[in-house]
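Let me begin by presenting the structure, written as structure tokens, before commenting on it.
Read the figures in this text as sums done on the coordinates, not as results from a lab. Computed from a predicted model, the values in this text were never measured in an experiment. We place every Cβ from the backbone using ideal geometry, glycine too, and count neighbours over all the protein chains shown.
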Amino acid sequence: MLRTTLSMITFAFLVSACSQETYDPSYDYFSFANTEQVVTRHIDLDLTVDFSAEQLRGSAILHLDRIDASATEIVLDSRGLHISEVYVALPDGPMLPAEFRFGEEDAIKGTPLTVSLPADFKPNSKFRMRLDYRTGPGATALQWLPPELTAGGKHPFMFTQSQAIHARSWVPLQDTPAIRITYSAVIHTPRQLLAVMSANNDPLTPRSGEYHFDMPQPIPSYLLALAVGNMFFAPLGRDTGVYTEPEVLDAAAFEFSGTQDMLDTASELFGPYQWGRYDLLVLPPSFPYGGMENPRLSFVTPSLLAGDHSLVSVIAHELAHSWSGNLVTNATWRDQWLNEGMTSYLESRLMEVLYGKDRVDEERVLGFEELLLNFETVVPAQQALAPRFDSGDPDDFQGTIHYHKGQLLLQYLENAFGRDSFDKFLGSYFDDFAFGTITTERFLDYLDENLLQRHEGNVSRSQVETWVYEPGLPTDAPVPTSATLDQAAAMALAWSQGELGLNELPVDSWSPQAMVHFINSLPADLSNDELGLLDKALGLSDARNAEISRTWFIQVAKRQYRAAYDNLEQHLNRYGRTRLIAPVYGAMAENGSDLELAREMFGRARGKYHPLTIANIASVLQLESN
Ligand SMILES: [Zn+2]
């Protein structure tokens, strides 16, 4: 996933009430499932997508293994689901009604759903369980968009976002990354709409209102994904293509025209691509993240459509998850750095081959600066790559530290051992843990055995443990540099001191990343007149590149440059991706004058946002999210 950074959130509430002795880092504290007794291997879904009721309705058949013969109950995760009937059956046996009950609801985790096996149900290692159900009105994975919030304006749209623990709001299941499932699905939709899933989408499927899917590779539950809307397909290459609304299709096909090349390059760098096709789905603007690595079909934000391929590092990121995350998966959400830090590192390696070292150095520096900002706001206990994590919200527990600090650790290891040795290590890591899950501690053992002790690099296990268990950065951490960004920063200073005219800035030769750095490097004491001149000369308030807009409007809010507030509000209405808007609201909330105004703007725009984005911004603006 590629997501937001917030400077407003304090993480102190995460300090757990549990005593240190009882904390087990390999235990998933965010699932109720009794996976030590019973494990799901496969799920068959049959769901009707009802736009008028904003509801999914149908059944899920779980194929289970009883690994503890004494188990008499199965505990599943659920959130807001209405279950009408539950049946269980032995292989080839008839479906027998089973008793079920909901436990106490938890604000973060949802509600445990316990199914009792019938008394005459003899122990058997394999059985099936069918649950007839419908989703509830507050299903956190689902967003239902009315036609006016789509590009075409004529048809509704719905999509899921299951990571981290939202799959349980649309399927009753064992919602933990610790186990993997294959799945099949039949999805019923209005006839004129198309359904796609994180499965074997066929670009040539005719519109029928009934779509069949099969996902033969086992995935963790957070990668279950579905979208339904007026989507069409454009091929991008041999095994790649893009789905989106027809109004956006040409722009998307142009923006992501390098995807096949990216897939081929990634396979050369990281080993064979194991998932068949790699397609993209460009969603309506309310998609809360940059991208979501749903296997075979990454979901991405339309805010990447900059018109110049300048934001495709997000595609590199989602594609790289096909190895780190989807193929080798973090065992619990506390181990998320193994998904996100590893993926951020692979993303940079991929971008280096495809777009050159200068561009990647720019992105490394911007990531490093984001990391330093995170260290100012995230409590030290959550700054470790693998902190204690047994309460709080897996969607937001350490800003983006696990992304950037994780990437930096892997860069540090590459520097110490050389690219050849490090790449061999990564290749064997993906081979040895393919379609499996891994804890931080298992990774450390594997790293120690296969890299630290095997090759000359002078890095000890305890040095790596400093990265993994301690806050901040070790003193010998690499510091990324970029000559082009240094030049942009120097020019920001030179212009502000009158040494350089606006027309002398070589903006045409700058990347969007250099422009972002230039804006962030402007001195704090610029006058409104100076900001106005700059805005006019560089067109900042009208920038098409979403990262430039984000950076500019954060500064507009920080500096209370009110002449650009109308444009700022347009920005807040144009985009729904949390990363692009939450920090702008945050800067208004923090500037000492505009908290109320920010709340008013939020009130006007929130109907266009995803529930996760609404919750995030509500927290930034110290509001109740409901
Ligand atoms: Zn990611």
Simple label model, 7 Å out from Cα along Cβ direction - residue 600 to residue 254, nm
3.8 nm
Can you give me the P(r) profile for the range 505-611? Cα pairs, bins 10 angstrom wide beginning at 0, each as a whole percent.
14, 50, 30, 6, 0
Extension gain, residue 104 back to residue 82 (0.36 nm per residue minus Cα-Cα distance, nm):
6.4 nm
Of 109/154; 357/424; 558/608; 357/608; 405/608, those spanning more than 26 Å from alpha-carbon to alpha-carbon
109/154; 357/608; 405/608
From the phi angles alone, apply the Karplus equation (6.51, -1.76, 1.60; θ = phi - 60°) to the range 603-616 and give each ³J(HN,Hα) in whole Hz, x where the residue is Gly or Pro.
x, 6, 9, 5, x, 8, 9, 6, x, 5, 5, 4, 4, 5
For q = 0.19, 0.25 Å⁻¹, what log10 I(q)/I(0) does the range 204-255 give under the Debye formula with an equal point scatterer on each alpha carbon and no solvent?
-0.88, -1.13
Rank-order 476-488, 538-550 by packing density, defined as the average count of other C-beta atoms within 10 Å over each peptide's residues, highest first.
538-550, 476-488
So what are the ³J(HN,Hα) numbers for the range 90-98, from phi and the Karplus equation (6.51, -1.76, 1.60; θ = phi - 60°), rounded to whole Hz, Gly and Pro as x?
6, x, 6, x, x, 6, 10, x, 10
Rounded to 10°, Cα long-axis angle of helix 565-574 versus longest principal axis of the chain
30 degrees
Any chance you could tell me what percent of the C-alpha pair distances in the range 286-410 go past 18 Å?
55 percent
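For the ranges 35-47, 329-341, 74-86, what's the packing order if you count other beta-carbon atoms within 10 Å of each residue, average per peptide, and put the highest first? Write down the numbers at each step before the final one.
Details: 35-47: 18.3, 329-341: 25.5, 74-86: 20.6.
In descending order of packing, they fall as 329-341, 74-86, 35-47.
Over 22 Å, how big is the tail of the calculated P(r) for the range 274-358, in percent of all Cα pairs? Provide the component values of the computation, followed by the final result.
Numbers: 919 of 3570 pairs.
Pairs farther apart than 22 Å: 26 percent.
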Relative to the compact-globule estimate 2.2 N^0.38 Å (N residues), the Cα gyration radius of the chain stands at a ratio of 0.96
Check residue 183: other-chain or 5+ apart residues with amide H under 5 Å from its amide H, H built from backbone geometry?
43, 215
Expected vector for the range 213-227, Karplus 3J(HN,Hα) from phi with 6.51, -1.76, 1.60 and θ = phi - 60°, integer Hz, x for Gly and Pro, equals 10, 9, 10, x, 8, x, 10, x, 4, 5, 9, 5, 8, 8, 9
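How much length is gained if the chain between residue 419 and residue 122 is pulled fully straight, taking 0.36 nm per residue apart and subtracting their Cα-Cα distance, in nm to one decimal?
101.4 nm
Given a Förster distance of 35 Å, report the FRET efficiency between residue 562 and residue 508 from their Cβ-Cβ distance, rounded to the nearest 0.05. Mind dumping the intermediate values first?
Details: r = 30 Å, r/R0 = 0.85.
E between residue 562 and residue 508, to the nearest 0.05, is 0.75.
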Please list, ordered by chain and number, the residues whose modelled amide H lies under 5 Å from the amide H of residue 231; skip anything fewer than 5 residues away on the same chain.
194
Full extension from residue 89 to residue 463: what is 0.36 nm times the residue separation minus their Cα-Cα distance, to one decimal in nm?
129.4 nm
If the cut-off is a Cα-Cα distance under 20 Å, which aspartates and glutamates reach residue 536, setting aside same-chain residues fewer than 8 apart in sequence?
499, 504, 508, 525, 547, 566, 569
Going by alpha carbons, how many degrees (0 to 90, nearest 10) lie between the helix axis of 528-538 and the longest principal axis of the chain?
70 degrees
